[in-house]
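Worksheet: the structure to be examined is printed underneath.
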Protein chains: 2
Amino acid sequence: MLVVTEPDPELPPPPMELIPSDVTVVEVGATPTDEQLTGAQVLYIWDHRFAELGPLLRRAPDVRWVHAASVGVNRLLCPELAAVTLTNSRGVFDIPIAEWVIGAVLSHVKGLDASLALQREHRWQYRTTGRLAGTRAAVVGTGSIGRTIAERLVRLDVDITLVGRAAREDPQFGSVRASTELASVTADVDLLVLAAPLTPATTALVGAEVLRALGPRGFLVNVGRGPTVVETDLVVALHSGTIAGAALDVFEVEPLPAESPLWSIPNVLVSPHMSGDYVGFEVDMVRVFTDNLGRWLRGEPLHNIVDPALGYVPN
Amino acid sequence: MLVVTEPDPELPPPPMELIPSDVTVVEVGATPTDEQLTGAQVLYIWDHRFAELGPLLRRAPDVRWVHAASVGVNRLLCPELAAVTLTNSRGVFDIPIAEWVIGAVLSHVKGLDASLALQREHRWQYRTTGRLAGTRAAVVGTGSIGRTIAERLVRLDVDITLVGRAAREDPQFGSVRASTELASVTADVDLLVLAAPLTPATTALVGAEVLRALGPRGFLVNVGRGPTVVETDLVVALHSGTIAGAALDVFEVEPLPAESPLWSIPNVLVSPHMSGDYVGFEVDMVRVFTDNLGRWLRGEPLHNIVDPALGYVPN
């Protein structure tokens, strides 16, 4: 028996008909009854804002597997996961997020955002702009999203430094630098892309020091999790020209409060946590789950198992 | 002796100090005196809006080589070129223009332009958007700019059809389709990119029929020359939803008149003919010229020779 949390009303409805018909599916709200949870072996967290997994697991003692319809699982981590397998939807958003990053960076580098602003005033104002090829970028996050972003930036002739939890050799990028060295890594790049899971090590990783290192021609992109950036430091850095601009898809508080200064700072793109969400992604999300459900029913090892101590799927 | 037309005041000043000091340089305005032209063997057209080459060549009988600080040379073509070698600045803008195209396309596909518009109202409005990888594009123009755009779109997993003057085999892309078949080529693609020189065959190439073929989910990009598109047909197609949107860096009349409807149609980017012009391009432009000047002084064959009958550098 499978219990599915109520889909986020903001998202397209998931195609639950992809789940085999011999699996009993019970759809529950944020506070399901004990009766609904009785006998449930699998829990599918569709709502990516779901934040009460611990109390729910205590009332559902038969659950052995929790699957998250998201890549980031920071809201789900709880001690109760010690007795349960947690999987996520790694892979679905890799290329779409990389395309968002490339679009946002080129919009800044090529002045498309400024052209749109001039266009509103019917102003033809010729300028020269920057180039992406030949620039240097640091990508924080060595999971499949960070690697796909890095790999596609390499395709556009950007020189990449990958940053992760610990310094190590890397078969794809030569080496990974430790996030503890982020300020010194950032001093050498034009572009800093954050695609990291939210962990103690990545919380408030980017503050005044890293932003100073990024410098007045540097551009920040965050497609990971909001609290990786100290937003008050970012606002100061943007206002004072410490960095050139930012493209942000995630924020400390979401939705971004209407009174946030980020909405109206020039050279800042505010995007409502949608960089990876493409038309039809809900179908691919459910497919990731049903693939794993097949493995579960056949007694095979699951894919995309999250290490709850790390907070992400180890490579 | 070298005669250089007055630099366009809109552009950064060219670094003429790169020209060898034993070459006499005379800078002239749009209507140079006979005295200024006497003895000139080389003419360097810096101003890309220069349009009076024929009358000028008749008054400068010693000129044997005209170099254009541009890639498009449609304004310079005249019968007087029959006795003169014409070269252009092919290559300088290839990657910068390709980056503009990718940025403009991703801005549309990933909804960055719409996010910027919502941002002005401090509105957090989640949406799902499109994907670039796996889409199909036709690129009109088989010169170095068209090929670089096509090649970089391929790097981002876009399926490419190259369109040129005549159907033929192509070592890089397998084949080139003829521009006379453009409507049927366009019916099969999501994205139509124009990077063609202005010739009789490319004038008004994209009108109502091609736009209908591009279809309501199709996107048009023009980085070539404005008159390749029938602007009145484009305005109708955009207003009526015949196509989804357009990113335009060139127009029938430039600067685009303030009363043009293109300025304010949703899903249209108006850019002031700057897609290739990066900070420092004027230095690279003069280097293209001085490289050729060295060949000229040593009696070697010049690079980037334009075929005046075609209006561009043949491959």
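Derivation of every value follows stated rules applied to the coordinates shown; laboratory data play no part. Because the structure is a prediction, the values reported are computed rather than measured. Here Cβ is always computed from backbone atoms with ideal geometry, including for glycine, and neighbour counts include all displayed protein chains.
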Size of electric dipole in the protein assembly as shown: Cβ of Lys, Arg +1 and of Asp, Glu -1, about Cα centre, debye, nearest 20: 640
In range of the label at residue A:302: residues from the stretch A:72-94 whose backbone nitrogen is under 18 Å from the point 7 Å along Cα→Cβ: A:72-92
The protein assembly as shown - share of DSSP beta bridges that are antiparallel (%, nearest 5): 10
Label spacing, shortest first and in nm, from residue A:9 to its equivalents in the remaining copies (7 angstrom along Cα→Cβ): 6.1
D_trans [Stokes-Einstein, Kirkwood Rh over alpha-carbon pairs] for the stretch B:159-239, 20 °C, 1.002 mPa s, µm² s⁻¹: 167
Beta bridges by DSSP in the stretch A:94-270, antiparallel share as percent, to the nearest 5: 10
Tilt relative to chain A, helix A:94-109 - C-alpha long axis, 0 to 90 degrees, to 10: 20
Tilt relative to chain B, helix B:281-298 - C-alpha long axis, 0 to 90 degrees, to 10: 40
Nearest-to-axis residue of chain A, judged by beta-carbon position, where the axis maps A onto B, in Å: A:155, 2
Across the identical copies, how the residue A:184 labels are spaced - nm, sorted shortest first, 7 Å along Cα→Cβ: 6.3
Cα-projected label distance for residue A:30 with residue A:154, points at 7 Å along beta-carbon direction, nm: 4.3
Burial order of peptide ranges B:298-310, A:238-250 (average beta-carbon count within 10 Å, highest first): A:238-250, B:298-310
Amide H partners (placed H, <5 Å) of residue A:267, local residues excluded: none
Residues residue B:175 and residue B:232, FRET efficiency given R0 of 56 Å [Cβ-Cβ distance, rounded to 0.05]: 0.95
Residue mean of other protein chain beta carbons inside 10 Å, B:261-273: 4
Likely footprinting exposure, A:199, B:5, A:24, fewest C-beta neighbours within 10 Å first: A:24, A:199, B:5
Inter-copy spacing of residue A:59 label points, which lie 7 Å from Cα along Cα→Cβ, given in nm from shortest upward: 9.1
FRET efficiency, 1/(1 + (r/R0)^6) with R0 51 Å, evaluated for residue A:82 and residue B:167 via beta carbons: 0.20
Ordering of B:284-291, A:219-226 by burial proxy (mean other Cβ atoms within 10 Å per residue, highest first): A:219-226, B:284-291
Neighbour-count ranking [beta-carbon atoms within 10 angstrom, fewest first] of A:124, A:46, B:100: A:124, A:46, B:100
Dimensions (Å) - chain A, Cα atoms, principal axes, largest first: 65, 47, 33
Efficiency of FRET between residue A:58 and residue B:125 - r from beta-carbon atoms, R0 35 angstrom, step 0.05: 0.45
DSSP beta bridge pairing in the stretch A:183-315, given as percent antiparallel to the nearest 5: 10
The stretch A:94-270: Rg to Rh, with Rh as the Kirkwood radius over Cα pairs: 0.96
Where the Cα pairs of the protein assembly as shown fall when distances are cut into 20 Å bins, in %: 18, 44, 28, 8, 1, 0
Vicinal HN-Hα couplings computed from phi for the stretch A:143-154 (Karplus, 6.51 cos²θ - 1.76 cosθ + 1.60; Hz; Gly/Pro x): x, 5, 5, x, 5, 5, 4, 4, 5, 6, 5, 4
Taking chain A and dividing mean pair separation by its residue count, relative contact order in percent (alpha carbons under 8 Å, at least six apart): 16
